[in-house]
Amino acid sequence: MNTAVAGIRFLRSVAARPMLDLPLVSALVATACFGLVVLYGASGEDSGTVLRQAVRLAIGLTSMTVIACLSPHHFRVWAPAFYALGLALLVLVAFLGEGRGAQRWLDLGIIRFQPSEILKLSLPMMLAWYMHRSSLPPGWRQLLVSLVIVAVPAVLIARQPDLGTAMLVATSGLFVVFLAGLSWRLITFFCVSAMALAPVLWHFMHDYQRGRVLTFLNPESDPLGSGWNIIQSKIAVGSGGLFGKGWMNSTQAHLEFLPERSTDFVLAVLAEEFGLLGVLLLFALYLYIIGRCLWLAGQAKDSFSRLLAGALGLTFFVYVMVNAGMISGLLPVVGVPLPLISYGGTSLISLLTSFGLIMSVYSHRRLLNRY
Amino acid sequence: MKPPARKPIRDAVREAAIFRARAQVGFFLVCAVFAVLSGRYFYLQVLSHDEFTTRAENNRVKYRALAPNRGLIMDRHGVILADNRPAYRLELIPEQVPDLGETLVELGELLEISEADIQRFHKLRKARRSFQAVPLKLRLDEDQVARFAVDRHHFPGVDIVPYQTRVYPLGENLAHVVGYVGQLDADDLRSVDSGRYAATSHIGKIGLEQAYENMLHGEVGREKVETNVQGRILRSLDKTPAQPGHNLYLTIDSALQQLAMASLGDYTGAIVAIEPGSGEVLAMVSQPGYDPNAFVAGLSVADYQALINSSRRPLFNRALRGGYEPGSTIKPYMALAGLENGIIELDTVMMSRGYFQLPGQPRRYRDWKRGGHGEVDVVKALEESVNVFFFDLASKMGIDAIHDYLEQFGFGQPTGIDLNGEARGILPSRAWKRATMGEPWYPGETVIAGIGQGFNVTTPLQLAHAAAVLAARGESGQPHLVRHVGYEPATGDADHPVPRPATRISTTRSDHLEAVIDGMIAVVHGKRGSARAIAADKPPFVMAGKSGTAQVFGLAQDEEYVGDEVPRHLRDHALFVAFAPADEPSIALAVVVEHGGGGSTVAAPIARQLIDAHLGYGTEEIAAQ
């Protein structure tokens, strides 16, 4: 009886107060639809590709809505357990995983997935949970504990080996620490130590990872081998010009000079077909989404919600930066898809889920005051 | 005094303020990064746009050469002698073939690929880059094409490609005239414009195919194509079609040519027939021939060796390059030289006793007829081929006068026919002997020169040409095989690719010339004519002729030559020159039958047969008269 009453009360509150932030949802849907249009051209006018991606978009939006309706309270309570689950799966994948050359995938019979994706959400949740326990800004002790929380999954992922994801996961955790107010003195110290450790990191890198860095530094040194992707990507972008060659007119993609044209390198196709104007439009959408996320985070009344939402927003930005930097030859080639645009379900659904978390924080901001 | 260690009281407002400050810093950094990224894209897409546009174009646009269709070769009646026919060849792109050795073995089992094909494949492969297609087998038949099509998916990088192949429908009959094309090799590429031959696989190697290569080849086309990353052509962007080569319309009458070829039977030898006046070559035969079609697809080393080493020398063009003693066939020109030089007159009569002696020398130059021919004038001397008459004439005229007059008929120099490699023969003189042998001239050499022996060497082509000059009463065009070059047959007067100088002899009196021709008519139609046997059926036309015998080995003085007792390869060559109809000749010819024995018995009937065919008299019609 009580549960029924509670249920009715919940539904009433949902109806009274929108769970979704309309401006953010609009920007997300607009970006994703732009993505579908680009994908149609990039896949060689394959409507099947677009349809599959549209289905994933629908699943992602549903997941986002469901998460947005849940209270951040639940996430905070479950954060340590979720984090532990992620770690356990990472350990499991080290023994049972599969994949070409690197063990990243876990086959659960029904679905195959990368446990590292879970950490993209659970690590910032865990750190936000940890920061929430004490008063802010964090001191030395909290910094050290935080670094351990970040390092354990990062090292596990890096050993798969998947250095790119490891760094992205670590970054999402470090954003929590940054947003929590870690003093600039400690940030400086931290950055200097990281730079000093870079040669050590080089020492522990796999050959293919070193190759990527070297190729990034001088792509023309091996134009038909590892430099191919960067060169062809830059040719696609540069030949697009200000206005682009027009939709479905990407010669670099259609003639297959561009690799991974519907996944990691889809931005090159967008730049070739829609030109600098298309790129700037996309950047504007991304900037709006990130800004909106940070603003929504700032509205939250408790530090867990704030830190989680803010870190997720900034993590989203990092994905954009790494991908756009890679396409234009500013950053090395790492397997990071372009958020909301690249073909593929895992990235899209987990991203939209994280936006669901951000919206949950916003829509439950008043409720949380009671806790 | 210290406060007890406890959880500090949380300052929610301060924490929110810290967050907002940090979020602002974060957003500022985000904006900064987006500014950098936008700058980067501006640099690539606006500032470096031209450079990357060029590179994108270079990626996708390639130029491809288009092979022109080679011009056809037709005889004077439009019969095709060299044709282009669609065919299929098997090509491999080495780069795309996973295991070349195994693929070659498997293809060999499927399609009967010879060792020669594989050798050639490896040779060509070394000269090309690994992404370029290399032909493995030419001229696949329909069955082979079908068999490969079924198994195609087993052979990545192997493909069947349509192309035009050269076909010579009349095969060996015209091999020595038309020649053949063979695969373009590195040597050929040094002598031609490689751009013009960029798409060409074959080039004329010999014969007219070689001599007229420049006109037959045509102009290469160019196609701008869009290719994908594998280099596969997706579509044509722009096309300048290849311009086909010009056709050659020959002077050859292929029916006469085939008849001439057949008439030699299994003798080796040569026949050249020329239209007097124009110099158009109606037939030019060298027996044996060879199959030019075999050279197009490429001969195996063994097959080529067999051709080279054959004792019958099928690759040797006897009509063009064969050197023969003219023998008695030179007598008509000697007679005319004597008349024109005033050594003899039309009514000059001499006694033939069967031999000739130079004053004060013991050697007797014998006639072929023991006891001699009695009283002989110039016509009778030709009719009965009286050696003594010409021994006497030659020794009176002297070698240099003989040389100077006979030179006008084209002896001792190339006729200038439109084929390469023509032999010039030898028309001896004092100067020639001094220059080539460093020896003085001996009077005895003049004597035998009078009957076309000694140093004299002529080609069948020269013999036919000289006969044509005589037949045309002193002036005939340079022998040639091509009447017209163009896309359509010539209308009206044939226009020749190069102006052809005529051969003209100096004659002071036309009755000199007619007397010589009367003598040649008597050879065939006279009561004692040396070749009267061929006119025993009284043909409905008058022909003029002269037989000759070229010695294969010298006879000692007083030795008797008995043809039937000599092994065939040591028998004399039989020669016959003729033209008909005698008053208005439309054909002049020279027949050389190697080791045929006597000119009148073996070569003359062949000449008669060809003249019959040319004048439109079948054997039945003649038999009916």
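A few remarks follow.
Here's the yes/no breakdown for (1) at the interface with chain B (Cβ under 9 Å from one of its Cβ atoms); (2) within 22 Å of the chain's Cα centre (by Cα):
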position: A:Gly244; (1), (2): yes, no
position: A:Glu273; (1), (2): no, no
position: A:Val279; (1), (2): yes, yes
position: A:Leu282; (1), (2): no, yes
position: A:Leu285; (1), (2): no, yes
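- Residue count for the stretch B:236-255, restricted to those that are within 26 Å of B:Arg60 (Cα to Cα) and in a strand (DSSP E or B): 5.
- Taking the listed residues B:Val192, B:Val167, B:Val178, B:Val161, the one that is β-branched (Val, Ile, Thr) and buried (at least 22 other Cβ atoms within 10 Å of the Cβ) is B:Val178, with no other qualifying.
- Helices (runs of 4 or more DSSP H) within the stretch A:6-111 that include 3 or more residues at pLDDT 85 or above and under 30 Å from A:Asp207 (Cα atoms): A:72-96
- Subset tally (residues that are in a helix (DSSP H, G or I) and under 22 Å from B:Leu315 (Cβ atoms)) for the stretch B:139-174: 4
- Criterion (outside any helix (DSSP H, G or I) and either over 30 Å from B:Glu488 (Cα atoms) or more than 14 Å from chain A (Cβ to nearest Cβ) (or both)) met by exactly one of B:Gly39, B:Gly78, B:Gly101: B:Gly78
- Filtering A:Phe175, A:Phe243, A:Phe189 for residues that are at pLDDT 85 or above, more than 16 Å from A:Val333 (Cα to Cα) and crowded, with 21+ Cβ neighbours inside 10 Å leaves a single hit, A:Phe175.
- Residues that are more than 10 Å from chain B (Cβ to nearest Cβ) and among the aliphatic types (A, V, I, L, M) were ranked within the stretch A:223-240; the one that is most open to solvent (accessible area, probe 1.4 Å) is A:Leu224.
- Remark: pairs (first residue in the stretch A:290-318, within 7 Å of chain B (Cβ to nearest Cβ); second residue in a loop (DSSP other than H, G, I, E, B); Cβ separation under 7 Å; 6+ apart in sequence or on different chains) = A:Ser303/A:Leu136; A:Arg306/A:Ala300.
- One residue alone among B:Phe155, B:Phe131 is modelled with pLDDT under 80 and farther than 23 Å from B:Ala242 by Cα, and that residue is B:Phe131.
- Search result, residues across the stretch B:36-50 that are hydroxyl-bearing (Ser, Thr, Tyr) and surrounded by fewer than 20 Cβ atoms within 10 Å (Cβ to Cβ): B:Ser38, B:Tyr43, B:Ser48
- Considering residues of the stretch A:149-180 that are out of contact with any His (no Cβ under 6 Å at 6 or more places or on another chain) and outside any helix (DSSP H, G or I) only, the residue nearest to the other protein chains (Cβ to nearest Cβ): A:Asp162
- B:Arg22 open to solvent by 40 Å² or more (accessible area, probe 1.4 Å), touching a Leu at 6+ places or on another chain (Cβ under 6 Å), at the interface with another protein chain (Cβ under 7 Å from one of its Cβ atoms) and at negative phi: no
- The stretch B:256-329 holds helices (runs of 4 or more DSSP H) entirely within its bounds, and those carrying 3 or more residues that are of a type outside the set (Asp, Glu) and farther than 19 Å from B:Ala574 by Cα map to B:293-297, B:301-309.
- Listed by first and then second residue, the pairs with beta-carbon distance under 9 Å, at least 6 apart or on different chains, first residue in the stretch B:48-62 and within 7 Å of chain A (Cβ to nearest Cβ), second in a strand (DSSP E or B) and open to solvent by 70 Å² or more (accessible area, probe 1.4 Å), are B:Arg60/B:Leu234.
- Leading residue by the ranking (nearest to B:Gln210 (Cα to Cα)) among those in the stretch B:245-296 that are hydrophobic (A, V, I, L, M, F, W, C) and open to solvent by 30 Å² or more (accessible area, probe 1.4 Å): B:Ala294
- Any hit, the stretch B:340-349, residues being more than 30 Å from B:Leu208 (Cβ to Cβ), open to solvent by less than 10 Å² (accessible area, probe 1.4 Å) and modelled with pLDDT of 90 or more: no
- When B:Val33, B:Val79 are screened for being within 30 Å of A:Phe274 (Cα to Cα) and open to solvent by less than 90 Å² (accessible area, probe 1.4 Å), only B:Val33 passes.
- Test: residue in the stretch B:175-196 that is part of a strand (DSSP E or B), of a type in the set (Lys, Arg) and either in contact with a Leu (Cβ under 8 Å, 6 or more places away or on another chain) or outside the structural domain of B:Met284 (by TED's automatic domain parsing) (or both): no
- Qualifying residue in the stretch B:208-216 (condition: over 18 Å from B:His246 (Cα atoms) and open to solvent by less than 70 Å² (accessible area, probe 1.4 Å)): no
The values are calculated or read from the model by the stated rules, or taken from the named source; none is laboratory data. All figures in this text were calculated on a predicted structure; none of them were measured in a lab. Note that we place each Cβ from the backbone using ideal geometry, even for glycine, and neighbour counts take in every protein chain shown. These accessible areas exclude ligands, DNA and RNA; they are computed on the full protein's heavy atoms, side chains included. Shrake-Rupley method; radii C 1.70, N 1.55, O 1.52, S 1.80 Å.
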